[in-house]
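The structure appears right after this line, and notes come after that.
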Amino acid sequence: MNVFQKLFSKQKKVNIEFCQRNLEQFLKEEHYVEYNEFLSRKNVNYKEFECQSRCKECRLSPYAMVEGEFVSADNSGELLKKMAQYLD
């Protein structure tokens, strides 16, 4: 890939939706900076909802809806890694 293609290529935008209650329960302070950097990327669109009516999943582990797909993980750091894979 030449330099111009790298500089001017259109990056795919990724849509991510979070449950506010799930974030409050599972997002640890140690991951705040990483999440902020990730969500600040220009190719990431995200929304936070008060509730997404996924109460069973919400109680068990951190999750996000990425491009309409349910993505969960054992912890918030792992969830961030899984979401980042959608950018590749």
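Values in this text are rule-based calculations from the coordinates and carry no lab data. In this text the structure is predicted, and so the values were computed from the model without any measurement. Virtual Cβ from ideal backbone geometry, glycine too; neighbours counted across all protein chains shown.
Based on Cα contacts under 8 Å between residues 6+ apart, region 13-87 shows a relative contact order of 41 percent.
The mean of 1/r over all distinct Cα pairs in the chain, once inverted, gives the Kirkwood hydrodynamic radius of 13.8 Å. In this label model, Gln25 and Gln85 are separated by 2.3 nm, measuring between points 7 Å along each Cα→Cβ vector.
For the chain, the antiparallel share of DSSP beta bridges with both residues in that region comes to about 50%.
Excluding the site residues themselves, the longest part of the chain lacking any trypsin sites (Lys or Arg not before Pro) in a DSSP loop with at most 10 other Cβ atoms within 10 Å is 43-88.
Note on the chain: Lys pairs 8 or more places apart or on different chains, Cα atoms under 27 Å apart, count 28. Considering only Ser40, Ser61, Ser72, the mean-square fluctuation computed in a Gaussian network model of the chain, springs between alpha carbons under 10 angstrom, is largest for Ser40. Across region 75-86, coupling constants 3J(HN,Hα) worked out from phi with the 6.51/-1.76/1.60 Karplus curve, θ = phi - 60°, read 8, 5, x, 5, 4, 4, 5, 5, 5, 4, 5, 6 Hz, and Gly and Pro carry x.
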